[in-house]
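Peer 1: Right, I'll just put the structure down here and ask away after.
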Amino acid sequence: MEKKTALIVGATGMIGRLLTDRLLTDDYYSEVKTLVRKPSGKSHPKLNEVVVDFDNLDESIINVDHIFCALGTTIKTAGSKDNFRKVDFKYPLKIANAAKANGATFYGIVTAMGADTSSWLFYNQVKGEIESSLKAVGFKSLAIFQPSLLLGDRNEERAGESIGQKVMLALEFIIPKNYKPIDGDKVAASMQEVAKDEPTGVKVLESGEMY
């Protein structure tokens with residue numbers, strides 16, 4: 001079996017870090033390329049870390065078989081709705097178009113439970129918009145991962161999520177599986193597994209399926 005090449009966008013975030021570690025130890029992949037804003041200090045024989053400016057991206061470097069997008073921020077961190085849309089919509093779509101043009105067959109992205117273009121929540125609206133736009137790109141295989149509240153170590157503190165985690169964990173026994181908090185590594189493991197299966201068409205996975 002010919003080994004695949006992978007590219008991870010958002011490799012310094014929680015899911016991105018976990019996914020990078022998984023793919024680096026997976027013999028299915030011969031190279032794991034990551035796009036980062038600054039060097040991470042991570043080293044591995046299969047790792048090809050590329051420092052980029054996402055606003056001035058050299059699209060020729062998006063030349064791999066499988067793309068994994070775990071980019072994401074909050075409006076508070078981004079500083080404005082426009083900056084949030086740039087990170088959660090503009091960059092993932094730009095990378096998708098370049099990947100498709102350069103021959104990628106699989107694109108997997110982490111969005112969110114409740115992603116919906118008609119949502120009254122701006123966050124969920126943008127997540128819905130990127131899902132809709134990615135479907136139009138025309139990948140052989142597109143996988144959309146919609147986790148509920150994520151558990152795990154982040155590089156940034158999200159106070160609202162921290163409170164939500166405690167409440168939902170306390171009530172976990174009565175919460176339906178799709179709404180239960182999910183560990184970031186379960187999402188990363190699901191992305192790894194689905195990419196290797198490379199299902200034809202669009203596959204949407206909610207938290208219940210990622211357990």
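The values are calculated or read from the model by the stated rules, or taken from the named source; none is laboratory data. Because the structure is predicted, anything quoted here is derived from the model rather than measured. So basically every Cβ, Gly included, is an ideal-geometry build from the backbone, and we count neighbours across all protein chains shown.
Peer 1: How many residues does region 73-85 hold that are touching a residue at least 24 places away in the same chain (Cβ under 8 Å) and either surrounded by fewer than 18 Cβ atoms within 10 Å (Cβ to Cβ) or on the phi > 0 side of the Ramachandran plot (or both)?
Peer 2: So the count comes out to 4.
Peer 1: Sticking with this structure for a sec: Give me the pairs, please: first residue somewhere in region 178-207 and basic (Lys, Arg), second residue anywhere and assigned to a helix (DSSP H, G or I) and surrounded by 14 or more Cβ atoms within 10 Å (Cβ to Cβ), beta-carbon distance under 6 Å, and either six or more positions apart or on two chains.
Peer 2: The qualifying pairs are Lys186/Met210.
Peer 1: Next question, about the same structure. Given the condition among the basic types (Lys, Arg), in contact with a strand residue (DSSP E or B) (Cβ under 7 Å, 6 or more places away or on another chain) and surrounded by fewer than 17 Cβ atoms within 10 Å (Cβ to Cβ), answer yes or no: does some residue in region 147-156 qualify?
Peer 2: No, every residue in region 147-156 fails to be among the basic types (Lys, Arg), in contact with a strand residue (DSSP E or B) (Cβ under 7 Å, 6 or more places away or on another chain) and surrounded by fewer than 17 Cβ atoms within 10 Å (Cβ to Cβ).
Peer 1: Next question, about the same structure. Taking the conditions exactly as written (loosely packed, with under 13 Cβ neighbours inside 10 Å, farther than 23 Å from Ala115 by Cα and not charged (D, E, K, R)), does Val64 satisfy them or not?
Peer 2: The answer is no for Val64.
Peer 1: Moving on. Output the residue which, of all residues in region 152-211 that are among the hydroxyl-bearing types (Ser, Thr, Tyr) and in a loop (DSSP other than H, G, I, E, B), is modelled with the lowest pLDDT.
Peer 2: Only one residue tops the list, namely Tyr211.
Peer 1: How many of the residues in region 19-60 are in contact with a strand residue (DSSP E or B) (Cβ under 9 Å, 6 or more places away or on another chain) and either basic (Lys, Arg) or under 19 Å from Glu193 (Cβ atoms) (or both)?
Peer 2: Summing the residues that are in contact with a strand residue (DSSP E or B) (Cβ under 9 Å, 6 or more places away or on another chain) and either basic (Lys, Arg) or under 19 Å from Glu193 (Cβ atoms) (or both) in region 19-60 gives 14.
One line per residue, one yes/no per condition, for (1) modelled with pLDDT of 95 or more; (2) over 23 Å from Gly138 (Cβ atoms):
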position: Ile8; (1), (2): yes, no
position: Arg17; (1), (2): yes, yes
position: Thr20; (1), (2): yes, yes
position: Leu35; (1), (2): yes, no
position: Lys42; (1), (2): no, yes
position: Val52; (1), (2): yes, yes
position: Asn63; (1), (2): yes, no
position: Ala101; (1), (2): yes, no
position: Phe106; (1), (2): yes, no
